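Student: Structure provided below as structure tokens; questions to follow.
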Amino acid sequence: MAGMNQVFSRWPSLAPTSRKDADAGVERRLPAWMRQAPPSKRSGGPTLSPAAALAVLGSVATTLGGYAAAALSLPWGMAFGALGVAAAACSVMWILRLRNTCDLSEARETAIFERAGISMWREDWTAAAKAVMALRLAGVEDLESHFASRPDALRAIRASVMIKDVNSFTLEETGAPSKAAYLGSLDRLLPDTDQTFVQWLVAFGRGDRFFRSEAHVTGADGQQVDVLFTAMLPTDLTGFGDILVTSLDITAFKRAQAQLVTAETQLARRSRVATVGALSASIAHEVNSPLTAIVANAQAALRWLRRPEPDHAEAMLALEDVVRAATRARDVVARTRSFIGNAPHAPEPLDLVEAARDANLLVERDMRELGATIHLAPEEGVPRALADLVQIQQVFVNLFLNAAQAMADVPGPRDVSVAIQRRGTMVVAAVSDTGPGIAPDRRGTIFDPFHSTKPGGMGMGLAICRNCIDANGGDIWVEAAPGGGAAFHFAVPTSDG
């Protein structure tokens, strides 16, 4: 890994695009492949290879030798002719040798491509590279945020990427009848729910030397499969015309991973049930003893008071025992609540952008099933927030799922936009969708418990969000999104405020 300029499996790092010479101008901040000068055309006309030059020389020598022999009838003419024939013969042998070498090299390359035991694709990303270069030359450095607000432009670039060839193992692995099932625009295979294509463009714009990303593609049978893509990225613009990409099918691995998570969840649930059972028995044992003492002492106090001559002193002693036993029972309940309750979390400085990325990973499969795509567009230089990470992630998860579910019946692309920016001493996040939106008269009650707009919904998701934000000293509200739909905003204090 040490020799790689940049590697990421799902999201790019937040490393700055600019290098040490960032103040030297836009041109110096561009990746090396963008700074490569295009091949220059020589003014002296077409050039000849050594073999061709030797062939021409031999032809000229042969011709001159012929003329000399015919005109002068001298041995020099014969010498020139012999020299020309020898030069021509050498050139022919050289050309044949070079051709054989090229044929062997091409055959070896084809054999490696076709016989590799892993799926390999040859793709043309030239149009995408040119689009990235145009944006970088125009001063755009944050490509992720740029395309987050322009999803249609991103889709147009994706349609320009062409798959030129796939190897035989790809067909064997997927059961495709021929290579024609894969050749053509990448847009045919990459569903709209994919969130990794923009990371290719980010890697291009940053000048990464290596790319790796998990993605899901539509196979030849129409089914979506999870794959791991890897590729070395070119060092010049011409190299983008032939990028070799390896593809590893990890569908079974992801399925096994999901089954393992389910098994762990069930095991944890059973463990909690067993714990609750043991805890209940412990509580019953602990509380039963003081309750028995309370009953016995209360009955004794009544007997002392019902005597013909009531013994108030004994009755008071019995009642004091009742108080002590009741206090003990109260303490048992208090200790139990402390044991099973969540201890308050101390707010810590956290990166709201990373919290949103992690939350997106948690709901990635749900978002895919709902056909929604998350576009993250953080403002540059967003400060760290002072909040509890788990609670903030829970807020993002609820808002992402709500946005995707709100667009379930919306035709066309289902884009969820996430904007994060600073406003004074607060960091504000906005999660917007393109669904039907929320009527103004309902925005004031939508955060109330048991208020749900979904059939079968419990109405607790947004109430939990409000409690989480309130616990961190922030605020949450909903507005109409600029392009239609709903925009949920929440604000939490900055760590430097």
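Student: Kirkwood Rh and Cα-based Rg: tell me the resulting Rg over Rh for the stretch 356-497, rounded to two decimals. Intermediate results must be reported in sequence, preceding the final value.
Tutor: Numbers: Rg = 14.4 Å, Rh = 15.3 Å.
Rg/Rh: 0.94.
Student: Another question, then. Full extension from Glu214 to Leu305: what is 0.36 nm times the residue separation minus their Cα-Cα distance, to one decimal in nm? Kindly include the intermediate steps, with their values, before the conclusion.
Tutor: Values: separation 91, 0.36 × 91 = 32.76 nm, distance 8.01 nm.
Value of the extension gain: 24.7 nm.
Student: Still on this structure, I have one more. Taking 0.36 nm per residue of sequence separation and subtracting the Cα-Cα distance, how much length would be gained by fully extending the chain between Leu237 and Met93, in nm to one decimal?
Tutor: Details: separation 144, 0.36 × 144 = 51.84 nm, distance 3.56 nm.
Contour length minus Cα-Cα distance gives 48.3 nm.
Student: Moving on to the next point. Could you give each residue of the stretch 167-176 its phi-based ³J(HN,Hα) in whole Hz, using Karplus coefficients 6.51, -1.76, 1.60 with θ = phi - 60°, and x for Gly or Pro?
Tutor: 8, 5, 5, 4, 5, 5, 5, 9, x, 5
Student: Each label point is 7 Å from the Cα along the Cα-to-Cβ direction; what then is the distance between the points at Thr292 and Ala32, in nm?
Tutor: 8.2
Student: A further question on this structure: Obtain the nm distance between the two label points defined at Lys179 and Asp142 by a simple spin-label model: each point lies 7 Å from its Cα along the Cα-to-C-beta direction.
Tutor: A separation of 4.3 nm, rounded to one decimal place.
Student: So, R0 is 30 Å and r is the distance between the beta-carbons of Ala439 and Gln259; what FRET efficiency does that work out to, to 0.05? All intermediate terms of the calculation are to be shown ahead of the outcome.
Tutor: Details: r = 42 Å, r/R0 = 1.39.
E between Ala439 and Gln259, to the nearest 0.05, is 0.10.
Student: Then there is this: For Leu233, which sequence-distant residues (separation of 5 or more, or a different chain) have an amide H within less than 5 Å of its own amide H, given hydrogens modelled in the peptide plane?
Tutor: Phe210, Phe211
Each reported figure results from applying straightforward, stated rules to the coordinates on display, with no laboratory input. Everything quoted here is computed from the prediction, not taken from an experiment. Quick reminder, even Gly has a Cβ in these numbers, built from the backbone with ideal geometry, and neighbours come from all protein chains shown.
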